[in-house]
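The values are calculated or read from the model by the stated rules, or taken from the named source; none is laboratory data. Just so we're clear, the structure is a prediction, and the values are computed from it rather than from any experiment. Ideal geometry is used to build each Cβ from the backbone, glycine not excepted, and the neighbour counts take in all protein chains shown.
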Amino acid sequence: MIACLGRIVHDSDAESKLDDDVSTIFNSLNLQGSIENGDVSGIASKDFGGLYSVKPLYLIRPSGAEDISRVVKAAAGTPHQTVAARGNGHSINGQAMADGGYVIDMRSTGENHFNLLTVNGSPCIDVSGGALWEDVLRRCVSRFGLAPRSWTDYLSLTVGGTLSNAGVSGQAFRYGPQTSNVTELEVVTGKGDITVCSETQNPELFFGALGGLGQFGIITRARVKLQPAPDMVRWIRVVYAEFEEFTRDAEFLVSQKEDESFDYVEGFVFCNNDDPVNGWPSVQLNPDQEFNPAHLPQTAGPVLYCLELAVHYRNSDQPSTVDMAVSRLVGGLGFVDGLISQVDVSYMGFLLRVKRAEQDAKANGVWDNPHPWLNLFVSKSDIVDFDRTVFKKMVKNGIGGPMLIYPLLRSKWDSRTSVALPEGEIFYIVALLRFAPKGPSVEKKVAENREIVKWCIKEGLDFKLYLPHYRAKEDWKRHFGNQWTRLEKRKANFDPMAILAPGQRIFKRTNQ
Ligand code: FAD
């Protein structure tokens, strides 16, 4: 049966016979889910970035790990087929695509699993790799009053998609990235084996798959740590004119003990003008608290900095207790007097804040524009240089979207995972989240990103791309540095024919 798949794939008339072939393949694979022809305009040929498009051969909607295993084994029986797991396709650079290969739509497995359990006295939830984090949130909070500890800002991303990268947000300084908050995975390897792995059981596969860019296996189930969910969040923004003061406070906050700091710490750069997207209005949390630039010192430059903070609380907490806790924390900070904005929102409302931005952007017709995004991790030792050159010069007029910057702690990341990080204990995530109208300006924005990366390399900055995308093997080797040999070994062990995640362009499919 699998041989039949190879024949079909290599038939030069394949296009004309595709409909017949689809049913032949469906039968030969004995799929419980479904399969359809790849389509240049279908979901598997696009992603959120809107920069690349390729035509897959087939789009498969599996019912679970068994289906995925069959597809991978079928691909292995051919000389050149590849398989890409597609989470929610929110990559920027075609990472979830397979040119002429099989794309597995993990969303069809989103409802699988969802079992609450207690491991060593702590609550955990088993969820599908294809589940959206927003669904995990809604179900965990509404059914159990519990929630995962570490998030991404935006939750219409799949569990498997973010775990294949890292998954970071304003809780990561305390709990580490999402990859530090799972205790067990079920993975379909590049050999088609369905394997359960954890720190103690098949640890090489477990740590390899976490941050592994989909190179070693397709995550079909993850066991995620939970904690009691708060009811409410005090969401606060404070503004700085000086980068040194912003970073001093940000680094202080992420280094404090749990009960002596905020529950969430992020930050962003914005333009010192009244532009509605890039400037002062982008800071406002509450329409009643308008940004008053008269508070800014004369020395303020072309860009300003905002720390975004949050304190969790319960409905049963006295308002005065919450106010006192917030005042104590905010009181120690050196932001510009008068430039503070705050609002109380439900915990779910806080975590779903980018969903509301998505709805607005969809209504304005800009959500589907191309997104030439650049995400970097930059070491604390180089962040002042980065600010001086990139924020204060290269992007000082804004990028038509958020420019995030906040510190993270390397000690909260497990060095056994596949994620590549800068050397220092404190490093910053920098995210240039550009929304570009379709047309020639997109190429320009991509070129600007390239310039920034080239500058980082030329100046010898201690940095890594987050959600990396390189084309040349040399660049990948530089990215992984002394982890490259480990990565190659893991690839040889778990996906020796380089069938998986071809859109990352790290390894070429082999026939051995
Ligand atoms: P896809 O884009 O579909 O896939 C990404 C990669 O993972 C591909 O190589 C794919 O083959 C592989 N993959 C997918 N599913 C699996 C699986 N089950 N097993 C193995 N490999 C798999 N990231 C953050 O860390 N923090 C943020 O706050 C954040 N905010 C974002 C906001 C928006 C609006 C967007 C578009 C992205 C954001 N991201 C953020 C980036 C996001 O984490 C990555 O783009 C992630 O890969 C997207 O998840 P996805 O489910 O769409 O994965």
* Qualifying residues in the stretch 347-366 (those that are farther than 30 Å from Leu146 by Cα and of a type outside the set (Gly, Ala, Ser)) - the one farthest from the ligand (Cβ to nearest atom) -> Asn364
* To do: For residues that are of a type outside the set (Val, Ile, Thr) and either within 9 Å of the ligand (Cβ to nearest atom) or farther than 21 Å from Ala166 by Cβ (or both), tally how many sit in the stretch 207-234.
  => 14
* If the Cβ limit is 6 Å and pairs must be 6+ apart or interchain, which residue in the stretch 315-334 that is over 30 Å from Glu242 (Cβ atoms) and not assigned by the TED database to the domain that holds Val238 pairs with which residue that is among the polar types (S, T, N, Q) and surrounded by 10 or more Cβ atoms within 10 Å (Cβ to Cβ)? -> none
* For the stretch 185-206, which residues satisfy the criterion of being away from the ligand (no atom under 14 Å from the Cβ) and either buried (at least 24 other Cβ atoms within 10 Å of the Cβ) or free of Cβ contacts under 8 Å to residues at least 60 places away in the same chain (or both)? -> Val196, Ser198, Glu199, Thr200, Gln201, Asn202
* Structure fact -> Taking the stretch 34-78 and keeping residues of a type in the set (Lys, Arg) and in a loop (DSSP other than H, G, I, E, B) leaves Lys46, Lys55
* Name the strands (runs of 3 or more DSSP E) wholly within the stretch 80-126 that hold at least 2 residues that are within 20 Å of Arg471 (Cα to Cα)? -> 83-86
* To do: List every residue pair whose Cβ atoms sit under 9 Å apart, with the two residues 6 or more apart in sequence or on different chains, where the first one lies in the stretch 135-161 and is touching a residue at least 12 places away in the same chain (Cβ under 8 Å) and the second, anywhere, is away from the ligand (no atom under 16 Å from the Cβ) and of a type in the set (Lys, Arg).
  => Pro148/Lys225; Arg149/Lys225; Ser150/Lys225
* In this structure, is Val182 within 24 Å of Asp337 (Cα to Cα), within 16 Å of the ligand (Cβ to nearest atom), within 23 Å of the chain's Cα centre (by Cα) and of a type in the set (Val, Ile, Thr)? -> no
* Structure fact -> Exactly one of Gly101, Gly121 is surrounded by fewer than 18 Cβ atoms within 10 Å (Cβ to Cβ), more than 9 Å from the ligand (Cβ to nearest atom) and either over 30 Å from Gln512 (Cβ atoms) or not hydroxyl-bearing (Ser, Thr, Tyr) (or both), and that residue is Gly121
